Amino acid sequence: MPEGDVDLVTNRRLWTLVNSAFSNEDAARAWASNDVTWGLFRTPERDVQVLGDVAGLEVLELGCGTAYLSAWLARRGARCVGLDLTRPQLRTAARCQRRFGPVFPLIEADAQNVPLRSAAFDLVVSEYGASVWCDPERWIPEAARLLRPGGRLVFLTNSVLVTLCVPETAGVASERLVRPQRALNRVRWAGGGTEFHPGHGEWIRILSRNGFVVESLHELYAPDASTNPDYYAIASAEWASRWPVEDLWAARLTRYR
């Protein structure tokens, strides 16, 4: 992986720290669950029904982290591959595979430059992986390359609104806008790490240019009786019960290069 890519290097360094502080331990909880959920407040897939039947599908998760999403899909009959930039995250995933099952391939690589053949997958997914931490001008074309004709892309990001309301230094989302939307395409955090949060119109432009047609956009709120996140504290449960905290996109590849 190119060490000259500043965003890549800083994000890998950040997620090495996050693995040590949180995700290494939390992975066991996620792998032990059989329910497919989305995001900070664990919105059930049965409520949004964005994935459909995955049995028999070839699935690639871009930015899989500890790969619990891939594990959930593999238990439903998908043939999954997890790809992530950060070796400690993949080590945690491998340990959870041995403890909980199932076992599927794990690849250490950049989601913007995937070392896999074209048209190999039926479904590409990303939950707070490449969808947040990679440049969409680079990872969306890769997703299109990797998908078969008619394949689907499903990904979860922070909502545009919550990102506008989170302070630039530290703290959770407030009830007022605290940053300009034009600055969201590349957000470099003071504590390290670079995120990418284009607006809805920009997402549609990028997806369309790469041959995708948007099937759905679910704006996720915190379900009833939600509590504040244990670690990724960008919004309180009370805030997220009033405004959308995440955007869950589904798109189908209908035009091919």
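The values are calculated or read from the model by the stated rules, or taken from the named source; none is laboratory data. The shown structure was predicted, so the numbers you read here are calculated from the model rather than taken from an experiment. In this analysis, Cβ positions are derived from the backbone assuming ideal geometry, glycine residues included, and neighbour counts consider all displayed protein chains. For accessibility, only protein heavy atoms count, side chains too; no ligands or nucleic acids. Shrake-Rupley method; radii C 1.70, N 1.55, O 1.52, S 1.80 Å.
Only helices enter this figure: runs of n ≥ 4 DSSP H residues, each worth -39500 (n - 2.57), summed and divided by the residues of the chain, yield -8500 deg cm²/dmol at 222 nm to the nearest 500. Charge dipole of the chain (Cα centre as origin; +1 on each Lys and Arg Cβ, -1 on each Asp and Glu Cβ, all else neutral): 620 debye, rounded to the nearest 20.
With the Kirkwood sum run over all distinct C-alpha pairs, region 40-96 has a hydrodynamic radius of 12.1 Å. Rounded to the nearest 0.05, the FRET efficiency derived from the C-beta distance between residue 174 and residue 32 at R0 = 35 Å is 0.50. Taking the protein heavy atoms of region 52-95 in the context of the full set of protein chains, the accessible area attributed to carbon and sulfur is 50 percent at 1.4 Å.
Modelled this way, with points 7 Å down the Cα-to-C-beta line, the labels at residue 22 and residue 213 are 3.8 nm from one another. Summarised in one figure, the compactness ratio Rg/Rh of the chain, Cα atoms and Kirkwood Rh, is 0.93.
R0 = 30 Å: FRET efficiency of residue 46 with residue 107, Cβ-based, nearest 0.05? With R0 = 30 Å, the Cβ-Cβ based efficiency is 0.50. Free of any GluC sites (Glu not before Pro) that DSSP assigns to a loop and that have at most 14 other C-beta atoms within 10 Å, the longest stretch within the chain is 4-167.
Rounded to the nearest 20, the size of the Cβ-charge dipole of region 207-257 about its Cα centre is 560 debye, with Lys and Arg at +1 and Asp and Glu at -1. Simple spin-label estimate for residue 232 and residue 87 gives 2.5 nm between the two label positions (7 Å along the Cα-to-Cβ direction from each Cα). Of the trypsin sites (Lys or Arg not before Pro) in region 174-231, the ones in a loop by DSSP (not H, G, I, E or B) with at most 11 other beta carbons within 10 Å are 176. Here the relative contact order of the chain, from alpha carbon pairs under 8 Å that lie six or more residues apart, stands at 19 percent. The mean accessible area for residues of the chain, using a 1.4 Å probe and ignoring ligands and nucleic acids, is 45 Å² per residue. Applying the criteria of a DSSP loop state and at most 11 other Cβ atoms within 10 Å to the chymotrypsin sites (Phe, Trp or Tyr not before Pro) of region 191-243 yields 231.
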